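Here the structure comes first, spelled out in structure tokens, and everything after it is commentary.
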Amino acid sequence: MAKGPIQYKTEEEIDLMRASGQLLARAHGEVASLIKEGVTTRQLDKRAEEFIRDNGGIPSFKGLYDFPYSLCLSPNAVVVHGFATDEPLKSGDIISVDCGVLLNGYHSDSAYTYPIGEVAPEVLTLLKETKAALYKGIEQAVSGNRVGDISHAIQNHVGPLGYGVVRELVGHGVGAKLHESPDVPNYGKRGSGPLLQTGLVIAIEPMVNLGKKDVVQEADGWTIRTKDRKPSAHFEHTVVVRKEKAEILTSFEYIEKALQQ
């Protein structure tokens, strides 16, 4: 997925990416405000695209590699790349909403997984721990560390809980292209992989299964689901590698506000 040499960003480019990330955060908040029983994922996709375009952005995903939607909407056992449909969300479901925004010539990318209505306690715990693993990974995104330090931190958080960490899908560099080098796996060894240096912008995105790590691709050529059909959670931020503490360019602030209302 990631191609070419690692591209380090100037502070001017990071400013542009920060604006992209803030628009993306607001778009996520718009979607979050609609999520409830009875809403269809097609309605969520429509709202996201309208909001992004109304605010001067372009949905990063729509048309990328011929993907037909603005959001990747992945319910329950779907890990990533799910299609928008007219099937209503129902109590007990979870839904991963993955979105990207192109603004000022630069992309941002983030994802959040929502519970709908009354969700099984073990699934709620999966969501909580996958989100926690994201921040464990972000803590390692500092200059002088390596990609493997991020990967190990994520795996080390969720692996002992008995969850399966997806291998086939990884985080990635972000910039003028949505997918840049380096790949950022959610599993790996400390001290391995490319060196992290200030100005590297990456999407860190744990994809964690309640059951085993194995996944399969559906006949549509896009949808990835767990092989054992157990639920999967997905959380993602776009972050800048800094000297002492990573800077998160995206935000869950608007999502959390919407969920409190």
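The values are calculated or read from the model by the stated rules, or taken from the named source; none is laboratory data. A quick note: this is a predicted structure, and the numbers were derived from the prediction, not measured. We place every Cβ from the backbone using ideal geometry, glycine too, and count neighbours over all the protein chains shown. Only protein heavy atoms, including side chains, enter the accessible area calculation; ligands, DNA and RNA are left aside. Shrake-Rupley method; radii C 1.70, N 1.55, O 1.52, S 1.80 Å.
The set of residues from region 236-253 being surrounded by fewer than 23 Cβ atoms within 10 Å (Cβ to Cβ), at pLDDT 95 or above and farther than 16 Å from Lys9 by Cβ comprises Lys245, Ser251, Phe252, Glu253.
Would you check if Tyr112 is under 13 Å from the mean Cα position of the chain (by Cα) and open to solvent by 10 Å² or more (accessible area, probe 1.4 Å)? Yes; evaluated as a whole, the condition is true for this residue. In region 59-81, the count of residues that are free of Cβ contacts under 8 Å to residues at least 40 places away in the same chain, of a type in the set (Phe, Trp, Tyr) and open to solvent by 50 Å² or more (accessible area, probe 1.4 Å) is one or more. Close Cβ contacts (under 6 Å, 6 or more residues apart or on different chains) running from residues in region 5-30 that are among the small types (Gly, Ala, Ser) to residues that are surrounded by fewer than 19 Cβ atoms within 10 Å (Cβ to Cβ) and assigned to a helix (DSSP H, G or I) comprise Gly29/Ala258.
Applying the selection to region 159-174, what residues are crowded, with 21+ Cβ neighbours inside 10 Å and either out of contact with any His (no Cβ under 6 Å at 6 or more places or on another chain) or in a strand (DSSP E or B) (or both)? Correct list: Tyr163, Gly164, Val165, Val166, Val170, Gly171, His172, Gly173. None of Ala233, Ala258 is surrounded by 15 or more Cβ atoms within 10 Å (Cβ to Cβ), under 22 Å from Gly29 (Cβ atoms), within 16 Å of the chain's Cα centre (by Cα) and at pLDDT 95 or above except Ala233. Looking only at residues of region 35-45 that are touching a residue at least 12 places away in the same chain (Cβ under 8 Å) and out of contact with any strand residue (DSSP E or B) (no Cβ under 8 Å at 6 or more places or on another chain), we find that the one that is most open to solvent (accessible area, probe 1.4 Å) is Lys36. Looking across region 1-45, the residues that are at pLDDT 95 or above and of a type in the set (Lys, Arg) come down to Lys9, Arg18, Arg26, Lys36, Arg42. Is it the case that region 200-212 has a residue that's in contact with a strand residue (DSSP E or B) (Cβ under 7 Å, 6 or more places away or on another chain), surrounded by fewer than 23 Cβ atoms within 10 Å (Cβ to Cβ) and of a type in the set (D, E, K, R)? Taking every residue of region 200-212 in turn, at least one turns out to be in contact with a strand residue (DSSP E or B) (Cβ under 7 Å, 6 or more places away or on another chain), surrounded by fewer than 23 Cβ atoms within 10 Å (Cβ to Cβ) and of a type in the set (D, E, K, R). The residues on offer are Ala153, Ala120, Ala132, and the sole one that is within 30 Å of Arg190 (Cβ to Cβ), open to solvent by 30 Å² or more (accessible area, probe 1.4 Å) and at pLDDT 95 or above is Ala132.
So for region 83-101 (the condition being in contact (Cβ under 8 Å) with a residue 40 or more places away in the chain, over 25 Å from Lys177 (Cβ atoms) and within 13 Å of the chain's Cα centre (by Cα)), does at least one residue qualify? For region 83-101, residues in contact (Cβ under 8 Å) with a residue 40 or more places away in the chain, over 25 Å from Lys177 (Cβ atoms) and within 13 Å of the chain's Cα centre (by Cα): present.
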